[in-house]
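A quick write-up on the structure given underneath.
The values are calculated or read from the model by the stated rules, or taken from the named source; none is laboratory data. Fair warning: this is a prediction, and the values are worked out from it, not measured in the lab. Here Cβ is always computed from backbone atoms with ideal geometry, including for glycine, and neighbour counts include all displayed protein chains.
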Amino acid sequence: MARKARIKLTVGSYYHVTNRVAGFKEDRPFGDIEKAYFYKLLNQMREFYTIDVLSSVCMSNHFHLVIFAPRENPSHKAVVKRYKKYRGQKFNLVDENCLKNEQFLAKLASRMRDISEFMKDFQQRFTRWYNRTRKDKYGSIHPRRGRLWQDRFFSGLIEKKSYLWICLLYIELNPVRAHIYNEASLYNYSSYGQYCGSGKHPYKQELIKHFKSDIESKSDEEHFTDLMEEMRTAFLSVQTFLFGGEDEESQVSKRLEEISRRASYWTKGLLVGSKSFVLEHAAKTYEKESLKRLERRLKREEKSNQSGLGIFSLQGI
């Protein structure tokens, strides 16, 4: 079966990215050590790539990221700076000579903003580390062989507006939906959990950059504080809804249910947003007959949409 085309835009775009390990659904190969390395490696990737990470969660057999891929390639000066920082002490004379080659710099610049390159590099490096650090039942290290991930990664294109914010809330609530903790703030291996545990958000500057309001009188710190308070309030409401105390017949509860349960438009949606957003960008990828089927399906979704969120998605035609 042919792979589905990955939808990429020529403008700066937001993506929900996820993947899970190969094997049985019940397999849970990632413990504290693996999750900690996940974040260590992710931070290294952020030094090289110009991809902005806005949210991340590493679970025991899968992960979620919300990322932004910029439209423009970085300047050659920025490429050199990032490459040297990424290589660190391994930077040598061969690297120095490569960085004098304009064609090499142009290729690196294009790679640095590409989500496929970012994810391929991240997953391959994580797999190599995972395979070489496995231990047998006696505690001896015996390198593992073979693939780790179920498939190439999944990516869904997200419309900014309120849909991106809802996606962040949905991602950060993974440990709560999985009944690991009753509170999202207690899970150490999510960006929100790390913020609550240490007082430092790993993606603070990215959140300010992409969610800063038009209120010019507020400082960046005030904008960030408002964002975290909005997230905390949303999580508190969802947790109350899930574990008691909320009136299930209220309109608030129906809206909260959309992010408190597993939703296929986040796990399978190649495009997620308003109806016009889905149709507009599907038109750039699919043929006319396929678009007609999609439009008919979206009309049915519109009639049955009771949440009030107005979320539409392309999950295949």
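Yes or no: the stretch 120-131 includes at least one residue that is farther than 17 Å from G12 by Cβ and touching a Lys or Arg at 6+ places or on another chain (Cβ under 6 Å). Yes, there is a match, as at least one residue in the stretch 120-131 is farther than 17 Å from G12 by Cβ and touching a Lys or Arg at 6+ places or on another chain (Cβ under 6 Å). Filtering the stretch 94-104 for residues that are free of Cβ contacts under 8 Å to residues at least 60 places away in the same chain and in contact with a Pro (Cβ under 7 Å, 6 or more places away or on another chain) leaves an empty set.
Taking each residue of the stretch 196-207 that is closer than 12 Å to F68 by Cβ and looking for partners that are part of a loop (DSSP other than H, G, I, E, B) with beta-carbon atoms closer than 9 Å, six or more apart or interchain, yields L207/H201.
Looking at L173, is it out of contact with any Cys (no Cβ under 9 Å at 6 or more places or on another chain) and under 18 Å from F68 (Cβ atoms)? No, not satisfied.
Examine the stretch 153-161 for a residue that is without any contact (Cβ under 8 Å) to a residue 40 or more places away in the chain and not aliphatic (A, V, I, L, M), and state whether such a residue exists. Looking through the stretch 153-161, none of the residues is without any contact (Cβ under 8 Å) to a residue 40 or more places away in the chain and not aliphatic (A, V, I, L, M).
For the subset of the stretch 81-131 comprising residues that are among the aliphatic types (A, V, I, L, M), under 26 Å from the mean Cα position of the chain (by Cα) and farther than 26 Å from R144 by Cβ, which member is surrounded by the fewest Cβ atoms within 10 Å (Cβ to Cβ)? That would be A109.
Checking each residue in the stretch 20-56 for being out of contact with any strand residue (DSSP E or B) (no Cβ under 6 Å at 6 or more places or on another chain), among the hydroxyl-bearing types (S, T, Y) and within 22 Å of S155 (Cβ to Cβ) picks out Y39, Y49, T50.
Per-residue answers, yes or no, for (1) over 30 Å from V17 (Cα atoms); (2) out of contact with any helix residue (DSSP H, G or I) (no Cβ under 8 Å at 6 or more places or on another chain); (3) modelled with pLDDT of 95 or more:
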residue: E72; (1), (2), (3): no, yes, no
residue: Y83; (1), (2), (3): no, no, no
residue: Y86; (1), (2), (3): no, no, no
residue: Q89; (1), (2), (3): yes, yes, no
residue: M112; (1), (2), (3): no, no, yes
residue: M119; (1), (2), (3): no, yes, yes
residue: Q124; (1), (2), (3): no, yes, yes
residue: R132; (1), (2), (3): no, yes, no
residue: D136; (1), (2), (3): yes, yes, no
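Of all the listed residues (L242, L186), the sole one being in contact (Cβ under 8 Å) with a residue 24 or more places away in the chain and more than 19 Å from the chain's Cα centre (by Cα) is L242. Scanning the stretch 132-161 for residues that are within 25 Å of I67 (Cβ to Cβ) and polar (S, T, N, Q) yields Q150, S155.
Within the stretch 226-242, can you find the residues that are acidic (D, E) and loosely packed, with under 13 Cβ neighbours inside 10 Å? Hit for the stretch 226-242 is E229, nothing else. Would a scan of the stretch 178-199 turn up a residue that is modelled with pLDDT of 95 or more, in contact with a His (Cβ under 6 Å, 6 or more places away or on another chain) and closer than 23 Å to I51 by Cβ? Yes, the conditions are met somewhere in the stretch 178-199. Looking only at residues in the stretch 256-282 that are in a loop (DSSP other than H, G, I, E, B) and surrounded by 14 or more Cβ atoms within 10 Å (Cβ to Cβ), the one that is modelled with the lowest pLDDT is A263.
Counting the residues of the stretch 41-80 that are of a type in the set (D, E) and surrounded by fewer than 17 Cβ atoms within 10 Å (Cβ to Cβ) gives 2.
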